[in-house]
1. Using 0.36 nm times the number of residues separating Lys40 and Val83, minus their current alpha carbon distance, what extension gain do you get?
2. Using Stokes-Einstein with the Kirkwood hydrodynamic radius over Cα pairs, what translational diffusion coefficient do you get for region 47-124 at 25 °C and a viscosity of 0.890 mPa s, in µm²/s rounded to a whole number?
3. Amide H neighbours of Leu87 under 5 Å, at least 5 residues apart or on other chains, H built in the peptide plane: list them.
4. Extending each Cα 7 Å along its Cβ direction at Glu55 and Asn102, get the distance between those two points in nm, one decimal.
5. Report the chymotrypsin sites (Phe, Trp or Tyr not before Pro) located in region 10-71 that are in a DSSP loop and have at most 10 other Cβ atoms inside 10 Å of their Cβ, or state none.
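Derivation of every value follows stated rules applied to the coordinates shown; laboratory data play no part. This structure is a prediction, so every number in the text was calculated from the model and none was measured. Methodologically, a virtual Cβ is constructed for each residue, glycine included, from the backbone with ideal geometry; neighbour enumeration extends over all protein chains shown.
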Amino acid sequence: MIIQDVVDLAKYSEVSSTAIKDNTDAILLFMNAGMLELYKRFPIKVEEHVIALVEGTTLYTLPTNFMYPLSAHGEVPENEINVMVELPINEEDDLLSVFFPNHTQVQIPAVEDGAIVSILYVPKPVRYTVSDVALELDLPETLIEPLLHYIGYKAHLGIRSDAQTETNAHYVRFDASCKKARELGVAYPQDSLGMVGRLSRRGFV
């Protein structure tokens, strides 16, 4: 579905009774906020960041689109060869653990010069503007409904009087739509969490 379709759907449904119904910029602003919320709730996209460890270095910069980690994998010696295993995350008592001290860096204390650590992470969604309305929205169509509910929720936040009830109703619908998508297993690609296989295909094991 292209972005213009989502804007049109919002104009004739969730925001039709609000002051922003003809304001594409405002609708896109709320749509971007909804995209961020959905990417926080679901691993809609998964990307891999591969780090070649350097002796004497424990802090490494993460990609600018990094939002949160799903898993980490690294090389450890086994029977005189290095194999890739899943590494614990933020486990202070585990010597192999990797840490995320902030949203821009990963700390890898167990350094073996030249070894590889792979971080699988959920990236931030792209932020759209009016110049992008002809582009395909980077979201499964199964999540368009909760996205529209979120746009409606944000659009009603600034309305006074009895609108608080309407605002709450939109958020309740958004939350319920997310839960239903999760129950049905249609919120993200079924193999999105099985990307460890990519490590094998890249020749790391």
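1. Fully extending the segment from Lys40 to Val83 adds 12.4 nm.
2. 194 µm²/s
3. Counting only residues 5 or more places away or on other chains, the set is Ala72, His73, Gly74.
4. In this crude spin-label approximation the distance works out to 2.9 nm.
5. Loop-located and lightly packed - Tyr12.
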